[in-house]
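What follows is calculated from the coordinates using simple rules that are stated; it is not laboratory data. The structure displayed is predicted, hence computed values, not measured ones. Cβ sites come from the backbone with ideal geometry, for glycine too, and all protein chains shown count toward neighbours.
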Amino acid sequence: MRALTELKKECFERIGVKICYCCYSKNPKQLIIHHLSYTKNSIIYNKFENNDDGRLKYYANLLDEIKINITNFLIFCINCHNKLEKLLRLSYNEVFNLAKNDKLSTNLIRAYNETCLKRGMKILENPNDEIILPFFILKLKKEIEEDFITAKNLKQFKEFSMISILYYVNRIKEFSFDDLAFIGVLSDIPSNYLTPFPDHVQAAKLLESVREIKKDEKIKYIHIYNQPFVKPPEMTRKDEINVSKYISIIEKELKDLFPFDIDTIFGKPKQTVSEYFYD
Ligand SMILES: [Zn+2]
Ligand SMILES: [Zn+2]
């Protein structure tokens, strides 16, 4: 049915995105259009007959809606869209608990929140109040997410993201120690831990030389080049920061976020970065 295919294609072309908002799947047969909010003029899929004629009417109406308000739509693959619609039917507490137990991807939470925002529903707060990732990695991730929203196509998204990554990587040493610090919580006093010590415990042991450390304290630490390989921010010098370690952490963190091979980004520029820092 050619008319239907053409109509669907035009809807996607108007929105300008051909990739799933959550998992970055690009299979065109799997992609569908999600309404962030419904107005009284919105058309709902199951109001139309489940046959080609019904679908044709549905997409014709949808195209009109897209022309009026393009920002009301996001693209998902069928799989992610099902997950999102299921979440939207759960109570706030049920969604909160799923997020707390790490059952939801960051992108799915983002999609859920964007929909809630437009529908006047309560937005999911950060269920895990621990900031584990240093601030600069969070900033980079946010920037890449924004690139993704702004980019018109995958090629442009790659270019944007590459610029963001290189920008941040080249500036690691300019960040404040607080921005670079990882945080861990002590479940016991440092002397009760056995070797090998986790990073935050190692840092706590160094801090013990200057003050008392209690159970449940949040300990910040910076990755450094020499033993013991981590230090509390207040004891670290800028020239001790282990830049390569931070680069490998960024690589690891961003692997989930990217729909393409991140090594191609870090391949060549990595050497430039090393030269820049180790001369
Ligand atoms: Zn998906
Ligand atoms: Zn939907």
Using alpha-carbon positions, what is the distance between the centroids of the range 1-75 and the range 161-215, in Å? 47 Å
Global geometry of the range 51-207, whether rounded, prolate or oblate, following the gyration tensor of its Cα atoms and the 1.5 cut on a/c: oblate
Once you sort the root eigenvalues of the Cα gyration tensor of the range 25-72 as a ≥ b ≥ c, which label holds: rounded (a/c under 1.5), prolate (a/b larger than b/c) or oblate (the other case)? oblate
The ³J(HN,Hα) series, computed from each phi in the range 204-218 with the Karplus coefficients 6.51, -1.76 and 1.60 at θ = phi - 60°, rounded to the nearest Hz and given as x for glycine or proline, is 5, 4, 5, 5, 4, 6, 10, 7, 6, 10, 10, 4, 6, 6, 8
Shape of the range 1-47, Cα gyration tensor, a/c cut at 1.5: oblate
Can you list the HN-Hα couplings for the range 74-90, worked out from phi with the Karplus curve (6.51, -1.76, 1.60; θ = phi - 60°), rounded to whole Hz and with x for Gly and Pro? 10, 9, 9, 7, 4, 4, 5, 5, 4, 4, 5, 5, 4, 4, 5, 8, 7
In deg cm²/dmol and to the nearest 500, what is the mean residue ellipticity at 222 nm of the chain if only DSSP H runs of at least 4 residues count, each as -39500 (n - 2.57), divided by the residue total? -16000 deg cm²/dmol
Based on the Cβ-Cβ distance from ILE163 to GLU212, what FRET efficiency comes out when R0 is 45 Å, to the nearest 0.05? 0.45
